[in-house]
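Presented below is the structure to which this report refers.
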4 protein chains.
Amino acid sequence: MLIVMDAAATVEDVRRVVGAVEGLGLQAHPIPGAQRTAIGITGNRGTVDPGAFENLPGVSEVIPVSAPYKLVSRESKRENTVVSIGGVPVGGARLAIVAGPCAVESEEQAVEIGRRVRDGGAGLYRGGAYKPRTSPYSFQGLGVAGLKILARVREETGLPIITEVLDTDTVDVVAEYADCLQVGARNMQNFSLLKRLGTVRKPVLLKRGMSATIEELLLAAEYLLAEGNYDVILCERGVRTFADHTRNTLDLSAVPYVQRISHLPILVDPSHGTGKRSKVLPLSRAAVAVGADGLLIEVHHEPERALSDGPQAILPEMFRELVDEIRRLAPVVGRSV
Amino acid sequence: MLIVMDAAATVEDVRRVVGAVEGLGLQAHPIPGAQRTAIGITGNRGTVDPGAFENLPGVSEVIPVSAPYKLVSRESKRENTVVSIGGVPVGGARLAIVAGPCAVESEEQAVEIGRRVRDGGAGLYRGGAYKPRTSPYSFQGLGVAGLKILARVREETGLPIITEVLDTDTVDVVAEYADCLQVGARNMQNFSLLKRLGTVRKPVLLKRGMSATIEELLLAAEYLLAEGNYDVILCERGVRTFADHTRNTLDLSAVPYVQRISHLPILVDPSHGTGKRSKVLPLSRAAVAVGADGLLIEVHHEPERALSDGPQAILPEMFRELVDEIRRLAPVVGRSV
Amino acid sequence: MLIVMDAAATVEDVRRVVGAVEGLGLQAHPIPGAQRTAIGITGNRGTVDPGAFENLPGVSEVIPVSAPYKLVSRESKRENTVVSIGGVPVGGARLAIVAGPCAVESEEQAVEIGRRVRDGGAGLYRGGAYKPRTSPYSFQGLGVAGLKILARVREETGLPIITEVLDTDTVDVVAEYADCLQVGARNMQNFSLLKRLGTVRKPVLLKRGMSATIEELLLAAEYLLAEGNYDVILCERGVRTFADHTRNTLDLSAVPYVQRISHLPILVDPSHGTGKRSKVLPLSRAAVAVGADGLLIEVHHEPERALSDGPQAILPEMFRELVDEIRRLAPVVGRSV
Amino acid sequence: MLIVMDAAATVEDVRRVVGAVEGLGLQAHPIPGAQRTAIGITGNRGTVDPGAFENLPGVSEVIPVSAPYKLVSRESKRENTVVSIGGVPVGGARLAIVAGPCAVESEEQAVEIGRRVRDGGAGLYRGGAYKPRTSPYSFQGLGVAGLKILARVREETGLPIITEVLDTDTVDVVAEYADCLQVGARNMQNFSLLKRLGTVRKPVLLKRGMSATIEELLLAAEYLLAEGNYDVILCERGVRTFADHTRNTLDLSAVPYVQRISHLPILVDPSHGTGKRSKVLPLSRAAVAVGADGLLIEVHHEPERALSDGPQAILPEMFRELVDEIRRLAPVVGRSV
């Protein structure tokens, strides 16, 4: 940590800050400058709260130097984490292709889509039984009935199941049916839910919040690891910006950035990331080219009848084409489908 | 709702859309244009899902026309809602001044601050027993012990208590101790929590999410009203933007905008809205001048020792000065302190 | 400046950075830490380019410590700058009220509005002869004819004139007619224009760019001062964010922030800042309450016929009401109208 | 265009709007709804200013339906535009690889880099003689001397030259030396410069502004075409958001979006788009995979000595590797290098 003093700070001000630092059992290293003095702090094991110094007289700014996360960091674990979802590895050489409808609407719909995405090349199935909806008047998902349908899809297709969990109350029932529990963007900082999921013995797919920095995403993941769940997969799904030609702005630079500082795998969701069917293919290619560990794709055989997110779901035949393109592209980045 | 067709849409495309509209029991009104055709839809009572049409051939765009919220809307209730928190009205001619520490740290700290903000002019007390923290290694609040301290503060000062609730598991215990339950920015779209709070018989203070539009804020409030809780107070607390001179960008235009379309009261939180002590006074004045129904202010008598958000807490003497300024300013906007 | 090394940086890496620092004639102060080493740099008079170090092996981050601006800074000049526009002071105890149409459309229109805003309480007149328009097919202003009309307005009303200059080619002619030259948001970083205006002997009103940080705004002003023009007035006019209920998000915290680090006066433009007529009054009050040195208001007597920005122009009678409210509010912040 | 009336609008309000529409020689089509009336407008050839209606009593919103751009639109020209820069086609099957230093610093530096990027696979050379710099104290480029050096680079390497033009004063001299004139992000809405460049007989590379929507980018291009210059190449270079792990957020969805609605070619600049050397390779792959017509890459053989943007320049050997990866990836999207 570095404390930068005001240009007008007095010798006494500096002395007081040094005293405060030492009072916490740390070492202070004043660096006198032409215009102002800076004070380096060392000796801290964990994170020191900047608030301890920010309000002392003469202090202009407190700059944290070490990263606030530990377990998710590559400094704590060099090699990539590979998470197994029902036997399918995520984070290894093989790309994880997750596909399925936004929401489970009926057994017929869910199984039909399941068969078609499996035949099209998907290795994992996604579908929502509990849906977070902006409006209380929108379809909120089938709940437990939806989870049972998902179990049927797994039986019929052999694909492991990823599905969203919305609250602590339903963690147990979702964990009973699903192979991997998804935390949606709106819940990325639902810390009660994260703590609870940290104690579950199933992998968690954690989506980046709509306006979350990468540091916040990693700290959210840290909540899960700190509670003992190391099977965490991250997911970039677009952030909210002024740009209005897509529903969100897919921030693909997040992928290499996360991979440099963390050992956790990271997927990309171009369906939510763009909100537009016609953008799913090109952005899927881009996601694989940038180095993502896999894709999350919304597929619906009758998108015009979808109860949720129809405009961004692609048809099964487009999905097949998408996987074909990915298959040809993957070797360039040392991957396979 | 309005459906805009592609310039290249065929007569058949238009006919198909009209059929789809009528298939839902609605009326379609094609408007042929120089370059393209638009189709107006009427007859819908609730909200029609744009997804029902967006994917039909030849459709370029679907534009919703009526507002998606109902109960929170001024069209459903003309006069302002005044919410009573432990007997203190929020939303009337008198400004609601809510003050207290970010987190309850000890009975001594909480009561001391309580006395000083009451003497400084506060009408309500705020303080967190459960704290949502970005890092799992930061102080997470005292929990139930904190709630008990808050009850002591009320006893000692006579000020009703507002405190944050983080999850459905603790709704009951928080509701037992608090006069008003706060939903923080990160939980604005925690729909399970909102639904549960809709059934509670205590007022709810709902903070705008960090990247929430006003429409999303109102729809989150709609969740509460739809479940039967009409005692809802909104709060603007800054949004996340590129601007880096403050922690968040306080969006004061939200206040008159909300007041025009909704009957619910709206407060402003300049402490979180700026994240800087030196900005709390000027932005408090601005908030009252723009027409807010009150303020939420973090006050700490020893901010350099605060366990959370020290840099944005003001001292009790600054709070007193703030209330004095507000008192002089309020009559210009037809208010009093 | 502070250089933070990687956790894995070698002693040799640190030695190389120290050598590079000293090679530039500066002093290096290594601060060994538990996990990583930081290196403080002193001895620099001007700004050192972080690029000189960022790419050396083992360097994790380079953090600038001193501010990059000088002449605009309060460290270089303690007392507030008061700029005189045609005899009307901006930046003193009296608020500067600038009002007029977005664009000059005709002598009749411009003079009529001029009389009415003067009678309503304006001290300065604004109106565009050259208009920057997003579309090449929109009205682009009357040019020199517009400038001549502005001179007529000054004659008729006695109000000094502020008008926008779009390029270096027209600086001379605009400076001939106007009392103050405005640089619009889109031109805030048109450095050729800024350098040219730095040599003009007329005050400059510099608007914050749509996505400019305060540091960038101050550095743009620094271009003007560095060329010798010290009569610079800043203006907050809203920034671009995801929020869609107003045209821009007015960032009122910019006002106290600028006033703390710079001696230059700063106005607020709630017309562009919100883009909505119904928001101009409340945000004008807020701007004065936050401490702005004045307001820039678009007024049109027939806004429904305005050739540009009609929806945000207020009527002369609303302007009169606005000034009345401001008059009552100003004393709270030690100002007058 | 569609006019949406207030729920409380009277029959008289509707009649007045219809009258205003017809007064402009257009047809009005009222669509009575359950809660409110909408009025469709047809018969307009060009764009109708929403301001003409927005302020009439009872009007709630005016929604434009047709696109405001014409010449840049695919509706005006179906096939892709291929722009020739000094004989090198941009926009065809072959990817355009533009490489070179941020700034021309000396003949030795510029030529050395030129040889190495040509040998590495570049087809075009970029380098700045005039540099837009945030601070007046940063290196501003060599000016005409830099242009002469660029001409030497072309002679030595055979690569056509792209260089930035900052103002109308230097358009002629830049056009004399360069094969293509670049308009930087900060000048995207410098309309005087755009109009002037519309009359030049050299191609223009137009970069997206830091907070420009795609519509604004296309309208800026429309300024060039409207003045007669059809040789326009667009460039996505990242937008400004809250995300702080990269300098800008590269918005790759802009590429397929632009390609759907415009016939103009579009490049991607991952150097500015990320501001970090380590992100240039992965984002270059992503840009080609998403369908970009080429890349703009900053290369420096001694980036630690670069006078501008060192941290984002890659080394010549990294550039060679980048082109190799692109070469293997291009066929997947039907391209070649």
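Restricting to region D:222-239, name every residue that is open to solvent by 10 Å² or more (accessible area, probe 1.4 Å) and under 15 Å from the mean Cα position of the chain (by Cα).
Result: D:TYR230, D:ASP231, D:ARG237.
Within the option set D:ARG94, D:ARG74, D:ARG115, being touching a residue at least 40 places away in the same chain (Cβ under 8 Å), basic (Lys, Arg) and under 14 Å from D:GLY294 (Cβ atoms) holds for one residue only, D:ARG94. Taking only region C:281-298 into account, find how many residues are within 7 Å of chain B (Cβ to nearest Cβ) and not aliphatic (A, V, I, L, M). Within region C:281-298, residues that are within 7 Å of chain B (Cβ to nearest Cβ) and not aliphatic (A, V, I, L, M) number 3. Of all residues in region A:27-52, those satisfying the criterion of being away from chain B (no Cβ under 14 Å), open to solvent by less than 60 Å² (accessible area, probe 1.4 Å) and modelled with pLDDT under 80 are A:HIS29, A:ILE31, A:GLY33, A:ARG36, A:THR37, A:ALA38, A:GLY40, A:ILE41, A:THR42, A:GLY43. Scan region A:302-319 for residues that are under 24 Å from A:ILE233 (Cβ atoms) and open to solvent by less than 10 Å² (accessible area, probe 1.4 Å) and the total you get is 5. Residues in region B:196-208 that are buried (at least 22 other Cβ atoms within 10 Å of the Cβ) and aliphatic (A, V, I, L, M) were compared, and the one that is farthest from the other protein chains (Cβ to nearest Cβ) is B:LEU205.
Among the conditions (1) within 14 Å of chain C (Cβ to nearest Cβ); (2) surrounded by fewer than 20 Cβ atoms within 10 Å (Cβ to Cβ); (3) at pLDDT 95 or above, the only one that D:SER278 does not satisfy is (3).
To keep it simple, each residue is scored yes or no on (1) touching a Lys or Arg at 6+ places or on another chain (Cβ under 7 Å); (2) touching a residue at least 12 places away in the same chain (Cβ under 8 Å); (3) in the same structural domain as D:TYR137 (by TED's automatic domain parsing); (4) open to solvent by 30 Å² or more (accessible area, probe 1.4 Å).
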| position | (1), (2), (3), (4) |
| --- | --- |
| D:PHE242 | yes, no, yes, no |
| D:HIS245 | no, no, yes, no |
| D:VAL258 | no, yes, yes, no |
| D:PRO265 | no, yes, yes, no |
| D:LEU296 | yes, yes, yes, no |
| D:HIS300 | no, yes, yes, no |
| D:GLU321 | no, yes, yes, yes |
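Evaluate the following for D:ALA212: is it more than 8 Å from chain C (Cβ to nearest Cβ) and touching a residue at least 60 places away in the same chain (Cβ under 8 Å)? Answer is no for this residue.
Among residues of region C:1-23 that are within 14 Å of chain A (Cβ to nearest Cβ), those with a Cβ under 7 angstrom from a residue that is surrounded by fewer than 17 Cβ atoms within 10 Å (Cβ to Cβ) and part of a loop (DSSP other than H, G, I, E, B), sequence gap 6+ or separate chain, pair up as C:MET1/C:PRO64; C:ALA7/C:GLN35. Taken as a whole, the condition of being closer than 20 Å to B:VAL174 by Cβ, open to solvent by 10 Å² or more (accessible area, probe 1.4 Å) and among the polar types (S, T, N, Q) does not apply to B:SER211.
When C:GLU325 is tested against (1) more than 22 Å from C:PHE139 (Cβ to Cβ); (2) among the acidic types (Asp, Glu); (3) crowded, with 24+ Cβ neighbours inside 10 Å, just one condition goes unmet, and that condition is (3).
Considering only region D:118-137, state which residues are of a type in the set (Phe, Trp, Tyr) and touching a residue at least 12 places away in the same chain (Cβ under 8 Å). Of everything in region D:118-137, those that are of a type in the set (Phe, Trp, Tyr) and touching a residue at least 12 places away in the same chain (Cβ under 8 Å) turn out to be D:TYR125, D:TYR130. One residue stands out among those in region B:215-247 that are in a loop (DSSP other than H, G, I, E, B) and closer than 21 Å to B:ASP293 by Cα: the one that is farthest from the other protein chains (Cβ to nearest Cβ), which is B:ASP231.
Tell me, which helices (runs of 4 or more DSSP H) lie completely within region A:249-337 with 2 or more residues that are within 28 Å of C:THR241 (Cβ to Cβ)? Step through it out loud before you land on a result.
Values: elements: A:254-261, A:270-274, A:277-290, A:316-329.
Per the criteria, A:254-261, A:270-274, A:277-290.
The values are calculated or read from the model by the stated rules, or taken from the named source; none is laboratory data. Treat the numbers as computed from the prediction; the structure is a model and nothing was measured. Because the Cβ atoms are built from the backbone with ideal geometry, glycine has one as well, and the counts that use them run over all protein chains shown. To get the accessible areas, we keep the full protein, side chains included, count just its heavy atoms, and leave off ligands, DNA and RNA. Shrake-Rupley method; radii C 1.70, N 1.55, O 1.52, S 1.80 Å.
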